Every structure is written in C-alpha cells, then in structure tokens.
1. Report, to the nearest 10°, how far helix B:146-163 tilts away from the longest principal axis of the Cα atoms in chain B, using its own Cα long axis and a range of 0 to 90°.
2. Compute log10 of I(q)/I(0) for the stretch A:1-126 with the Debye formula, placing one identical point scatterer on every Cα and leaving out solvent, at q = 0.09, 0.10, 0.16, 0.19 Å⁻¹, to two decimals.
3. Quick one: angle between helix C:185-210 and the longest Cα principal axis of chain C, in degrees between 0 and 90, rounded to 10, please.
4. Can you send over the carbon and sulfur percentage of the accessible area for the stretch D:3-122, probe radius 1.4 Å, protein chains only?
5. Under 24 Å between C-alpha atoms is the cut-off here; go through chain C and count lysine pairs that meet it, provided they're at least eight residues apart or on different chains.
6. Sort the stretch A:139-214 into rounded, prolate or oblate with this rule: let a ≥ b ≥ c be the square roots of the eigenvalues of the Cα gyration tensor; rounded if a/c is under 1.5, and if a/c is not under 1.5, prolate when a/b is larger than b/c, oblate otherwise.
7. Residues of the stretch A:26-52 losing 50 Å² or more of accessible area relative to the isolated chain, 1.4 Å probe, heavy atoms only?
8. With the Cα gyration tensor of chain D in hand, give its eigenvalues times 5 under a square root as the equivalent ellipsoid semi-axes, listed largest first in whole angstrom.
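The values are calculated or read from the model by the stated rules, or taken from the named source; none is laboratory data. Bear in mind that the values here come from a model prediction, so they are computed numbers and not experimental data. Because the Cβ atoms are built from the backbone with ideal geometry, glycine has one as well, and the counts that use them run over all protein chains shown. Protein only, heavy atoms only, side chains kept; ligands, DNA and RNA dropped before computing areas. Shrake-Rupley method; radii C 1.70, N 1.55, O 1.52, S 1.80 Å.
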There are 4 protein chains.
Amino acid sequence: MATSLDEAVEAIIASGRRLDARGLAPATSGNYSVRLGNGRIAVTVSGRHKGRLSRDDVMLVDTDGVALEGKNPSAETALHTVIYRLHPQVNAVLHVHSVPVVALTRHLPGASEVVLQGYEMLKAFPGITSHEISVGIPIFENSQDIAALACEVAEDTGQRLRSGKTQAPAYLIRGHGAYGWGKDLEEAERVIEGLEHLLSCELEALRLRAGVPT
Amino acid sequence: MATSLDEAVEAIIASGRRLDARGLAPATSGNYSVRLGNGRIAVTVSGRHKGRLSRDDVMLVDTDGVALEGKNPSAETALHTVIYRLHPQVNAVLHVHSVPVVALTRHLPGASEVVLQGYEMLKAFPGITSHEISVGIPIFENSQDIAALACEVAEDTGQRLRSGKTQAPAYLIRGHGAYGWGKDLEEAERVIEGLEHLLSCELEALRLRAGVPT
Amino acid sequence: MATSLDEAVEAIIASGRRLDARGLAPATSGNYSVRLGNGRIAVTVSGRHKGRLSRDDVMLVDTDGVALEGKNPSAETALHTVIYRLHPQVNAVLHVHSVPVVALTRHLPGASEVVLQGYEMLKAFPGITSHEISVGIPIFENSQDIAALACEVAEDTGQRLRSGKTQAPAYLIRGHGAYGWGKDLEEAERVIEGLEHLLSCELEALRLRAGVPT
Amino acid sequence: MATSLDEAVEAIIASGRRLDARGLAPATSGNYSVRLGNGRIAVTVSGRHKGRLSRDDVMLVDTDGVALEGKNPSAETALHTVIYRLHPQVNAVLHVHSVPVVALTRHLPGASEVVLQGYEMLKAFPGITSHEISVGIPIFENSQDIAALACEVAEDTGQRLRSGKTQAPAYLIRGHGAYGWGKDLEEAERVIEGLEHLLSCELEALRLRAGVPT
C-alpha cells in the first residue's frame, strides 16, 4: 500500500488512457487521485485531457486538498479527500463522466439512488460475493458548491452505514458523472468498469420498458 | 490439437486483449480455458483483468478443475470442465460478460432459451451452413452454486442432444453472461463474436418493437 | 488502376483491420476483393478473421471466380465477380456484416429497398454531390444459393439503370450484411463507412419513432 | 498563439486520428483548420480520410478561403473563415459528422436550436462555469450553397450576441454534422467531445421518452 508518487503518477496516466478508450473521459472531464504511503494525495491537475496525461498533469495535495505545488488541483478535489477521510482503507478515487450515468440520473429526477439487484456484475464491488443482493447507488444533486456536496456525501455515508445496508464503493451526481473508489487504483478502476456495465444494463432495461404501457 | 501450455497462455492473453477491446471483459469479468495435449486444462486465475493478462494469470487444473499450482483458478472453473467432459472434440471455452447478454436475458425473465433464426451469422457456429435454421441458445438462472449450475448444464445438454435439435456451442446465464466453446481458441472466439452480434441484433429488434403496441 | 497483387494484398489487410475496429467484421464474417491490372481478382480466403488477415489469406481467382490457387475463395466470390462484370470501372468490392444492417433489414420484412434522402453523408457515394437527392439501397432476400443471388443482383441492377434513378454503389442482404464497391479499395471503404453511418441514422430514426403511435 | 504551419499540420493529423477513433470521422467526412500566427489558415484538403491524414492533406488558404497552393481545400472552407472573421480570439475550427448529431437534428425538423441545460458537461464550453445555465446550440438547414450558409451563420451569430444570451462555440447543420471552435485546436477538440457527449445524452432522453405517451 505504500505507494510512491512515481508509482501513483504512472498508474494514473495508464488508467486515464484506458478509461478514455472506454468512453469515460470525454473532453477534459473526470479527475483521479491516489493516496500515497506518506498520507499525501496525488491528484490530476484541473482541465487536462485524461486520455493523454503526462507527469506534469498530476500534483500533490494534503489531506485537506490544499495544493502542495504551484498548480491548480481538480476543482472537485474535496470530493476525493472526503472519501479518504470516510474510508481509511481506500487509497484511490476515480471520477468519470459517461452517457449512461447522465442519461439515467436525469431520467429519474426524483430518485435518491439507483437500486441494482440480481446482477452478477455486482461482484465487481469489493466484499460482494453474490448476485442475490440489492445495492443502492446514491444519487446526489449536482452542485458547483463542492464543499457542500462533500458534506452531503459524508452525511449520506454515515446514514447508510448506520442503516446496515450493503454499501457500494460509488455514487452518482445527477446530470454529471460517477465517483468510484478502492484500496488501490486497480480496484477503483474495476469498480468504475463494473458500475458502467451495470448502469448500461439498467438504461437498456428502461429503453425496453419505454414502449410498454404500464 | 496437441496444444502446449506456452501456446495456450499466449493465445489466451491475445484473446483477452481482443475480447476486452470489443467490450466483452468489463472489470475483471470472464474466464477463459484451453485443454492441452496432455489432457490438463490451462485456465485464467481468479480476479485478474482479462484485457491485460500476463503469463502469471493463467494456471493449470486437472480434468476435475483441481488446481495443479498454488493459485486460485477462476471460481467458475467447473463450468469449463463440464463442457470438456460433455464435448470430447472441444478444446477451448470462453466466458464473457456483455450488456446485450445481460439486458436480453433479464428482459425475458421466464424464457429458458433465446431462439435465433434467419440470421446469416448463425454460420459462425460450427456445423451450421445456412441461415434457414432455428437455434435455441439455452438460458440458465444465475447461481453462486457452480457445481449445481454445472449439473444443470450437463442435464440440459443431454436433453437437447436427445431431442435431435441443432445445438449451439454456447449458453447464457441470466443477468450474468455467456459461455461459448470450440475445437480451439480461435473457433471459441469466433463463436463468442458471432453470438454477441446475434444477441445485439435480437436486442435491437426488441427495442424497435418496444413502442409498437401488440 | 494497374494494381499489382502485392499492393492488393497489403491494401486488403489494412482495410480488414480498420473495418474490424469499426465493428464491421465480427467472427469471420465479410469478404473483400480487388481487381488487378491483369483482370484477375484478389479475394479473401474463406473462413479467416478479417481483422487479422495475413498474406496467406488472400488468393487469386479468375473473372468467373474460379480459384487459381489451391485454396478455397470466399463462398460469396460470385457476388464479387458479378459486380466487376456489371461495372467495368469498379476495381474493389467489400462485403461486411453489422448490427444496423441486420436489424434494419429484418425490421422492414417486406421492403425491397431502404430509401435514404436528405443526408449529407450521401455524398460519400461517388457522383452524388448534394444531400437533396433520394437514393434507394436495394435489399435482397438472403440465400445460400449464391449463383441465384448473383443473378438477382444483375437483374435488379439492369432494371435500376433503365429506370434512370440515381444508383448507390451498394446493396443489402436481409438479415445478413452489406455490399459496397468503388474504383479502388479506398473508395469502396469510403462507401461502406458512409453506408454504415446512414443506416445507423435510419435505425436511430426508427427507434425514436418506435414509441410514437402512428 | 503564434502557431507555425508545421505545428498546425502535426496537431491536425493527431486530432483527426483521435476524432476518427471516437466515431466522428466516418468516410471522408469532416474538415479541420487552424489559424496560423501570420493570419493564414491551414485547412484539410478536400476528400481525404481524417483518420489517416498525412502532411500532404493539409494546405494553406488566405482569410477569404482562397487556396495558396495548387490543391482543393475542403468545400466547406468558407464555414471556417466566417468563424475566424466573427471571433478574433478563435484559432481552430473542427467540423465533424456523427450519428447523434444527424439523428437529433432530423428528429426535430422545425427546431432552430437544441437547448441544453443542467448538464455538468456544459463546462466543456469556454467561459461556462456552472451546469445551472441554458445554452442553445443553433441548428441550420443543410445547404450545398456554402456562401449562403456562411451568411446565415454570421447573421445568426450577430442576433445571438445582441440577445445577450450565453453563446456556445458550436452549431449544427441538420442531417449533416457539427461545427465547434476554440482558441486553439486542443480547445476546439474539447468543445467537439463535450458537444458529442451532450447530444448523445439528449438523444438518449428522446429514446427514453419515445415510449411514454404524452
């Protein structure tokens, strides 16, 4: 787990290339981070294309998201640091934009979660060992007030933990994108790929139901 | 047919890269195997990403799926070995996850098969020489009890063989994915690509029918 | 236009790789040919994957499609030679399978053509200089009797030429795939890419109309 | 901003490869330009495939679009030069064809714009800092009279500027494609990728609504 900055940078660059190839990094969207062995966080610089990151596009911030270099970290850095605070075992956070995430969350304007059940792919989430489970992926309203959004995430996580229900290592922001995390970047990427598959299946189900009068 | 372990490993790594590029290996889903000349089976290790396999991610098991190395074979290894037992001429089995397979099998909750007819692509299945045929692709309910699922597959195969109907070298698991096989890995990959095309066409037909009151 | 065999082989291999990357060569589907300077035809061997062709996978046939080497040319070679006979200026023919072609032709079971009008992309077809045109892409019923199908293509081409209507350098086979051609392989590939775009747009229009009661 | 011809050519070739990989350059569609430090414009030659451009496929024109070399610039060069005249800070223009653009504009036959609101991805457009905004992307009728179309674009831009409403660095041509621009090619490409994401989301919303009786 004692990831060095060099390892983190290399891993983030490789992830960006793969996520972009899967259609998960249009324009300069998304931001990625890794918690290093020394507690600092390597995060992508604001406004760079994630499909072609270079060494210069990853920077260090402290646990509060304060820049430790003369660059601008991603505007959503506080949404990464809140995850690290809430989940001590988590060392990587990925945020991506995709058409299924945006289309699905906008099509369900009142919903506070997407409930996924019966999918084998739920096993892409660490700790889930069977499809016979129901997992709610939280949906938050989009906001440019990242601090407020981070508070909402923290509060919702607390409530869900107290409820004893199975937690997903991911949440959605309506009309915006998805966050996913894991003990390392490999696990976080697995969560994001699994989530995209699951939401694409849900969207397909909505399409097929669209024409059926209920 | 006397495939060596080295040939099998190289072929499995290449197949994984191609299947992932086609969207058939999200997260760490899927598992692949090849029956070697000596009867042993080379199978992917549990939990690795199929788009970037290395030599270390393929291991040997015996005909009962028992590990011959100190690693964990895929949790679904018994679904590979049952195919090798049922079909002596088969030397490669591929299991993949895809949105069309999951969406289609979940949209047809009661169905025990998807019937494909009139498609030229049916000729991707060995032994089929015309589109003027009707082929049922079995659908099994998903289960974490792999031994029980393997029994169901064996039983269903026996019934279908006795019925004299044309068999597909493939089956589906509801909400989960597809299995396909062939005399070698190249043929198994052809079956999987053909199947994905056919199910995508069926799904498109369902979409187009969605709005038409019946 | 005096293409040599070596040039043709190289061009066919490159086209195969690109068409496969666009999803137009699932399994071992499709077949490609180029008419050489000496009148002979270089055509893909039967049953090879078009995304990874090698020198050995292209062979020579004469103008009647008779093999000039000890290999099996594509089973649909007669559908290539009929195009060369009908169109002296054509030196390359491509046949591909795709989900939009199959889904669209099966959704319109009675139709003998897909009429495309108002699309800028119609200009991908040689000789068409404006979107303000209506072009019918013929649809033939699928058949394993390739000689009979070649006759139908010849007859239909004659009728369409006599009608004076704008011709497309392409036709569809129901539930099967598309043929497209050009003065060289580059032009034929442009036709196929343009056709796939146009049919994808038509399919999307059908999807959007699906839910609208007419 | 003082881009040299060599830099422009290299950047255009790289953009073409990426846009083609995203499905935005079928057949030989699209055309790309960069305004150089000396005021001249580097633009793609007519009829070349944008996914595999070479040095020879980019040429110089003056600010009126008149060729400064013995080649044919893109037939739509006047649609590039009008953007440079209207927007002094713009130094790159991209025109692409895509299925979502064509399907969406044809499905809304009477509409003079697509209104996008509430999407985080709107921030891919320079100057937009919040999703809480409504941006109209103009739709023009397709025409082969490029001079007339350029006039329409100029007139509409004037009206929209006078209206004080937020402008998008992009417009659509019905049944044809999209134009997008930026201060450099990187920004123009970001606009195009963002626009494609946004229109794909809108199209998905239309699909989901298709079956819902209104």
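1. Helix B:146-163 and the main axis of chain B meet at about 60 degrees.
2. For the stretch A:1-126 at q = 0.09, 0.10, 0.16, 0.19 Å⁻¹, log10 I(q)/I(0) is -0.28, -0.35, -0.85, -1.11.
3. Tilt of helix C:185-210: around 30 degrees.
4. 49 percent
5. The number of close lysine pairs in chain C is 5.
6. prolate
7. Relative to the lone chain, where solvent access is computed with a 1.4 Å probe, the stretch A:26-52 loses at least 50 Å² at A:26, A:27, A:52.
8. 28, 18, 17
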